[in-house]
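Since the structure comes first, as structure tokens, the remarks are kept for the end.
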Amino acid sequence: MGQYLAIGLPYRIVAFLETSSRYDVSLEDVCNEMRRVHYYDMNLFAGEVSDHSRFVFTLKDEPLKDGLVPFLEDFYPKIYPATCRTEEREYPQAIETLRNMPFEQWLDFARAKENYAFQMDDAAAISYLEIQKDFRPTVELRFECLLFYLGYGKVITEGLGDFERFFKHCFHEAFAQHPLAKAIKIYRTG
């Protein structure tokens, strides 16, 4: 079964720890591996210990509030050219809505899923992270993302992990002037 290729900004990442490693893996261990393996700038996230079996990372308000609209103004025209389908041209309305709406309402706007180019996605593919410790504990990562792009058709999901990491690296280079680009997730959804 195929899924859709997507580009989004993780708003919340929940890291679930294996039962056997709950007391041996720290919040810092998970942050370090997310930097190393998934290239996230973890300074953009606030991390907290939810309980002994999970950590929650939430995108900080300041970089989101200050950086989202300038990033989208640069990103959308590159991913949605003038020749794209009508529903994808909703991005100018998404930018205008975000500009005129109080920041505190941005997530509600995304959760309402009223705009094709800006919506919340909680169906992002789960990732697994192996922590670099002697006993190699595994952490399951679940994402709630602000979805900015959803591919036209389904993709075969086998073997895309390396491509997603490479594409993310290219994305960081292309949008290096935007700090939020270091938090973008290239993923499968649906």
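The values are calculated or read from the model by the stated rules, or taken from the named source; none is laboratory data. Because the structure is predicted, anything quoted here is derived from the model rather than measured. Glycine gets a Cβ as well: all are built from the backbone with ideal geometry, and neighbour counts include every protein chain shown.
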With charged (D, E, K, R), closer than 28 Å to Glu173 by Cβ and touching a Ser or Thr at 6+ places or on another chain (Cβ under 6 Å) as the only criterion, which of Asp66, Asp121 stands out? Asp121
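Looking at region 72-171, what strands (runs of 3 or more DSSP E) fall wholly within it and have at least 3 residues that are modelled with pLDDT of 90 or more, out of contact with any Cys (no Cβ under 8 Å at 6 or more places or on another chain) and closer than 17 Å to Tyr11 by Cα?
Values: elements: 119-121, 127-130, 138-155.
Those strands (runs of 3 or more DSSP E) span 138-155.
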Restricting attention to region 28-35, does a residue exist that is touching a residue at least 40 places away in the same chain (Cβ under 8 Å), of a type in the set (D, E, K, R) and over 21 Å from His178 (Cβ atoms)? yes
